[in-house]
Amino acid sequence: MVHSNKSKYPPGGYGRFFLGAVAVFAAAALFWMTFSSGPAPRSFSVEVAEPELSSLAAAGKVLYEANCAICHGIRASGTDTGPPLVHDIYNPGHHADLAFFSAAKFGVRQHHWRYGNMPPQPQASEHQVKAIVRYVRELQIANGIRYKPHRM
């Protein structure tokens, strides 16, 4: 048996190759996460017709305007800092009312849109959030957003 001093591995081993491959993969993943997570942000807004509101929704409108409109826009139409809530993504089959309560209480990590995370809204009580949700749901219905079963 003949032994050679030559290694079958390249100089420096496979460590450099592995680190380079990991770096390329990480850069590709970062690019994908940055540019492929939902509809384009910034000034994504929709035209929203406002119906005649129930008394709970009318109270919710006042509360919405005081707590939510700064980010989500007048009549939940969206702004450059928050998405429109009158959008099919928020139909009750995909985002049940409980999702709105949870968002107000705990905040929400960015997932459908690239606006960043929504912070908790501790100033809004559960009763107030109930009225706000009623307002948003009545806007959605008036603008053709109906329950659709969520399919992944």
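The values are calculated or read from the model by the stated rules, or taken from the named source; none is laboratory data. Since this is a predicted model, take the numbers as computed values, not measurements. Cβ placement follows ideal geometry from the backbone for every residue including glycine, while neighbour counts extend to all protein chains displayed.
The requirement of being in the same structural domain as PRO92 (by TED's automatic domain parsing), in contact with a Lys or Arg (Cβ under 9 Å, 6 or more places away or on another chain) and in a helix (DSSP H, G or I) is not satisfied by ALA124. Out of (1) part of a helix (DSSP H, G or I); (2) farther than 15 Å from GLY60 by Cβ, the odd one out for TRP113 is which? With respect to (1) part of a helix (DSSP H, G or I); (2) farther than 15 Å from GLY60 by Cβ, TRP113 is out only on (1).
Only one of the numbered conditions (1) more than 23 Å from SER54 (Cα to Cα); (2) in contact with a Phe, Trp or Tyr (Cβ under 9 Å, 6 or more places away or on another chain); (3) of a type in the set (A, V, I, L, M, F, W, C) is violated by ALA99, and that is (1).
Listed here are the residues, each with its yes/no results for (1) under 13 Å from the mean Cα position of the chain (by Cα); (2) surrounded by 15 or more Cβ atoms within 10 Å (Cβ to Cβ).
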position: ALA103; (1), (2): yes, yes
position: GLY107; (1), (2): yes, no
position: SER125; (1), (2): no, no
position: TYR135; (1), (2): no, yes
position: ASN143; (1), (2): no, yes
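Here ALA131 fulfils each of the conditions (1) part of a helix (DSSP H, G or I); (2) buried (at least 16 other Cβ atoms within 10 Å of the Cβ); (3) among the small types (Gly, Ala, Ser); (4) free of Cβ contacts under 8 Å to residues at least 40 places away in the same chain apart from (4).
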